[in-house]
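The values are calculated or read from the model by the stated rules, or taken from the named source; none is laboratory data. As the structure is a prediction and not an experimental result, all values here were calculated from the model. Backbone-built Cβ (ideal geometry, glycine too); neighbour counts: all protein chains shown. Just the protein is used for accessible areas: all its heavy atoms, side chains included, with ligands, DNA and RNA removed. Shrake-Rupley method; radii C 1.70, N 1.55, O 1.52, S 1.80 Å.
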Amino acid sequence: ATVFDRAFLAHTGGRQVVWTSTQAEQHILCFRRLNKRALAQKLGELGGGFHVSWARLAPQDKPEWAFKCRKALATAVCADGVLVATESKLLSLDLSDGRVVWTHELPAAPVAGGLAVDRLGRSIVTGEDGRVLCFGADERV
């Protein structure tokens, strides 16, 4: 289950993080100041349609950083980073610059949206094989 032509927006640490997905590629974009008013106006111009494409909404604002990810099945935004679960890996990106902080190999692909972070910073991944994996708070998320 892959989501195409969509964008998900989250706010953390004074930044806005956007995950965009098209059939061609997926990106995590981080903005210091995203013009939310202009974004809301563009959303209003869509006329209540269900197909919301980032290409149609993309603001003039330039992201602080962008991370191209292949086959991301889930993302989670934390206080100081962004987690990306692909078919075979869990990656932690630093919120300030988008660099990869750590990577864990996954024994099975996660279910779509099968990624969560608890208040202690533990990352929980639900795999297609039925396993639930927890990566501890000793690693920066």
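Within segment 117-130, residues that are farther than 19 Å from Leu93 by Cβ and acidic (Asp, Glu) have Cβ atoms under 9 Å from residues that are part of a loop (DSSP other than H, G, I, E, B) and open to solvent by less than 50 Å² (accessible area, probe 1.4 Å) in these pairs: Glu128/Ala108; Glu128/Ala109; Asp129/Ala108; Asp129/Ala109, counting only partners at least 6 apart in sequence or on another chain. For first residues located in segment 13-35 and part of a loop (DSSP other than H, G, I, E, B), partners that are of a type in the set (Asp, Glu) and lie 6+ apart or on another chain with Cβ distances below 7 Å form the pairs Gly13/Asp80; Thr22/Asp5; Arg32/Glu64; Arg33/Asp61; Leu34/Asp61; Asn35/Asp61.
Looking at segment 25-39, which of the residues that are surrounded by fewer than 18 Cβ atoms within 10 Å (Cβ to Cβ) and under 17 Å from Asp80 (Cα atoms) is modelled with the lowest pLDDT? Taking the candidates together, the pick is Arg33.
Look at (1) under 13 Å from the mean Cα position of the chain (by Cα); (2) farther than 22 Å from Ala7 by Cβ and you find that Arg99 fails only one, number (1). So, of the residues in segment 132-141 that are part of a strand (DSSP E or B) and open to solvent by less than 60 Å² (accessible area, probe 1.4 Å), which turns out to be modelled with the lowest pLDDT? Among those that are part of a strand (DSSP E or B) and open to solvent by less than 60 Å² (accessible area, probe 1.4 Å), it is Phe135. When the residues of segment 73-85 are filtered to those that are open to solvent by 20 Å² or more (accessible area, probe 1.4 Å) and of a type outside the set (A, V, I, L, M, F, W, C), the one that is modelled with the highest pLDDT is Thr75.
Among residues of segment 59-88 that are over 19 Å from Cys134 (Cβ atoms) and outside any loop (DSSP other than H, G, I, E, B), those with a Cβ under 6 angstrom from a residue that is at pLDDT 90 or above and open to solvent by 20 Å² or more (accessible area, probe 1.4 Å), sequence gap 6+ or separate chain, pair up as Trp65/Asp97. Residue count for segment 92-131 satisfying the condition of being closer than 20 Å to Gln16 by Cα and surrounded by 12 or more Cβ atoms within 10 Å (Cβ to Cβ): 13.
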